[in-house]
There are 2 protein chains.
Amino acid sequence: MDAMERAFAEARAAFGRGEVPVGAVVVQDGRVVAASGNRVEETRDPTAHAEILALRAACAATGDPRLTGADLYVTLEPCPMCAAAISLARIRRLYFAAYDPKGGGVEHGAKVFDHPTCHHVPEVIGGLRESEAAQMLRAFFQDKR
Amino acid sequence: MDAMERAFAEARAAFGRGEVPVGAVVVQDGRVVAASGNRVEETRDPTAHAEILALRAACAATGDPRLTGADLYVTLEPCPMCAAAISLARIRRLYFAAYDPKGGGVEHGAKVFDHPTCHHVPEVIGGLRESEAAQMLRAFFQDKR
């Protein structure tokens, strides 16, 4: 299973738990070191986005707060909180699926990586399997109405 | 003890642990519901900034991921990750001490609250006991050299 497929599996599992369906996976040296879905509702923690949980789990697994050379795969453009955490964790490449004009902080809004004070800027590859991720999010929010 | 003094006490304790000296306190209904210092080194977690830990602890204490009506006191201008988390947690007022031109994300850099896609913008009061906080940070980084 490739890393983005694993991120989609985490997003689908989050959907099943009634969470906004987003999944994230950290890959280092060709190996998945952490994978998580969004758990904001379950944990009542507004910071429990898929990316934050995956980054924290990867740091715990490796014992290193800097994930040098690691890549993050996520099904949605990260929000500004997650984008800044990705920079703090020294992620090498960020791959994401759907763009998020309303909440994203990479290509939209705060554009966290686009400021000279951003100390570490990952390579960014957006729009992978974009329509599939967007469709899952639409289905989720239609269910909620 | 007022809330900012409590945040300074958390910052001094962080200094004593060898952490970048930043402290944060969440106050709701006139009561301190959470207080934390920076624990990035201790926990090997790049997201373990004082603000994130205090917000998570406040949500855990109240059982609510939205800290409506709560205020956050922090000894340093929050970075973009923490600023975005403050917005997600629906903090009413953000009080901070030292400005951070190099790493801040409120008055500097990404200016997280200054974008129309930022769904919740707290009232911001910066520069309280600014020189005292800046002096503590300078002392910390001088020790490290």
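Values in this text are rule-based calculations from the coordinates and carry no lab data. Just so it is clear, the structure is predicted and the values come from calculations on it, not from any experiment. Note: ideal-geometry Cβ built from the backbone for every residue, glycine included; neighbour counts use all protein chains shown.
Report the local net charge at A:Y95: Lys and Arg +1, Asp and Glu -1, summed over other residues whose C-beta lies under 13 Å from its C-beta. Before the final figure, lay out each step's value.
On the way: positive: A:R6, A:R92, A:R93, A:R129; negative: A:D2, A:E5, A:E51, A:D71, A:E77, A:E123, A:E130.
With Lys, Arg at +1 and Asp, Glu at -1, the neighbours total -3.
Rounding to the nearest 20 debye, state how big the charge dipole of chain A is about its Cα centre with +1 on each Lys and Arg Cβ and -1 on each Asp and Glu Cβ.
Values: 17 positive and 19 negative charges, 41 e Å.
Here chain A has a charge dipole of around 200 debye.
Would you mind ranking B:H49, B:H120 so that the residue whose beta carbon has the fewest other beta carbons within 10 Å leads the list? Please list the in-between numbers first.
Numbers: B:H49 29, B:H120 14.
Fewest-to-most ranking of B:H49, B:H120: B:H120, B:H49.
Which ³J(HN,Hα) values, rounded to whole Hz and listed in residue order, are derived for the range B:118-126 from phi using the Karplus coefficients 6.51, -1.76 and 1.60 in 6.51 cos²θ - 1.76 cosθ + 1.60 with θ = phi - 60°, glycine and proline given as x?
6, 6, 9, 10, x, 6, 10, 10, x
Can you compute the charge dipole magnitude of the range A:77-133 about its Cα centre, using +1 on each Lys and Arg Cβ and -1 on each Asp and Glu Cβ, nothing else charged? Give it in debye, rounded to the nearest 20. Could the numbers behind the result be given before it?
Values: 6 positive and 7 negative charges, 45 e Å.
Taking the Cα centre of the range A:77-133 as origin, the dipole is about 220 debye.
So if we plug the beta-carbon distance of A:Q142 and A:T117 into 1/(1 + (r/R0)^6) with R0 = 41 Å, what FRET efficiency do we get, rounded to 0.05?
Working: r = 39 Å, r/R0 = 0.96.
Calculated transfer efficiency: 0.55.
For A:D143, go 7 angstrom from Cα along the Cα-to-Cβ vector, then report the distances to that same point in the other copies in nm, smallest first.
5.0
Just to confirm a number: summing +1 for Lys and Arg and -1 for Asp and Glu over residues other than A:L55 whose beta-carbon lies under 15 angstrom from that of A:L55, what do you get?
Details: positive: A:R39, A:R56, A:R66, A:R90, A:R92, A:R93, B:R44, B:R56; negative: A:E10, A:D45, A:E51, A:D64, A:D71, B:D45.
That sum, taken over residues with Cβ under 15 Å, equals +2.
So for chain A, averaging the separation of alpha carbon pairs under 8 Å that are six or more residues apart and normalising by length, what relative contact order in percent results? Can you show the working numbers first?
Details: 314 pairs, mean separation 27.2, N = 145.
Relative contact order, chain A: 19 percent.
Given the rotation relating B and A, tell me which residue in B puts its Cβ closest to the axis and the distance in Å.
Nearest residue, distance rounded to whole Å: B:A110, 2.
What does the convex hull of the alpha-carbon atoms of the range A:88-145 project to on average, in nm²? Kindly include the intermediate steps, with their values, before the conclusion.
On the way: hull surface 18.8 nm².
Averaged projected area of the range A:88-145's Cα convex hull equals 4.7 nm².
Take the Cα atoms of the protein assembly as shown, find their three principal axes, and give me the spread along each one in whole Å, biggest first.
The principal-axis extents, from largest down, are 52, 44, 30 Å.
Let me understand chain B better: what is its radius of gyration from the alpha carbons, and its Dmax, in angstrom?
Over chain B's Cα set, Rg and Dmax evaluate to 13.9, 42 Å.
Using modelled amide H (1.01 Å from N, peptide plane; none on Pro or chain starts), what sits under 5 Å from the amide H of B:T75, excluding residues fewer than 5 places away?
It is B:G23, B:A97, by chain and number.
Filter the trypsin sites (Lys or Arg not before Pro) in the range A:1-44 down to the DSSP loop ones having no more than 13 other Cβ atoms within 10 Å, then list what survives. It would help to have the intermediate numbers written out before the result.
Numbers: sites: A:R6, A:R12, A:R17, A:R31, A:R39, A:R44; in loops: A:R17, A:R39, A:R44.
Hits after loop and neighbour filter: A:R17.
Taking each label point as 7 Å beyond Cα in the direction of the beta carbon, state the distances from B:T117 to the same residue in the other copies, shortest first, in nm.
List, nearest first: 2.0 nm.
Just from its helices, what would the mean residue ellipticity at 222 nm be for chain B, if runs of 4 or more DSSP H residues each count -39500 (n - 2.57) and the sum is divided by every residue, rounded to the nearest 500 deg cm²/dmol? Walk me through the numbers before you get to the answer.
On the way: 5 runs with 55 residues, N = 145.
For chain B, the value works out to -11500 deg cm²/dmol.
If you count, for every residue in A:72-83, the Cβ atoms of partner chains within 10 Å of its Cβ, what is the mean? Working shown, then result.
Details: counts 0, 0, 0, 0, 0, 0, 1, 9, 14, 14, 4, 4.
Across the residues of A:72-83, the mean count of other-chain Cβ atoms within 10 Å is 4.
If you take the charge dipole of the protein assembly as shown about its Cα centre, with +1 on Lys and Arg Cβ and -1 on Asp and Glu Cβ, which of A:L128, B:A61, B:G127 is farthest toward its positive end?
B:A61
What ranking do B:T75, B:T43, A:T47 get, fewest neighbouring Cβ atoms within 10 angstrom at the top? Kindly include the intermediate steps, with their values, before the conclusion.
Working: B:T75 32, B:T43 16, A:T47 26.
Going from least to most buried by this count: B:T43, A:T47, B:T75.
For B:A13, go 7 angstrom from Cα along the Cα-to-Cβ vector, then report the distances to that same point in the other copies in nm, smallest first.
Result, one decimal in nm: 3.5.
Can you list the lysines whose alpha carbon is less than 17 Å from that of A:K111, not counting same-chain residues fewer than 8 positions off?
Hits, sequence-local ones excluded: A:K102, B:K102, B:K111.
Suppose we take every Cα in the range A:1-81 and form the convex hull; what volume per residue is that in Å³? Don't jump to the answer; show the numbers that get you there.
Working: hull volume 7.0 nm³, N = 81.
About 86 Å³ per residue, rounded to a whole number.
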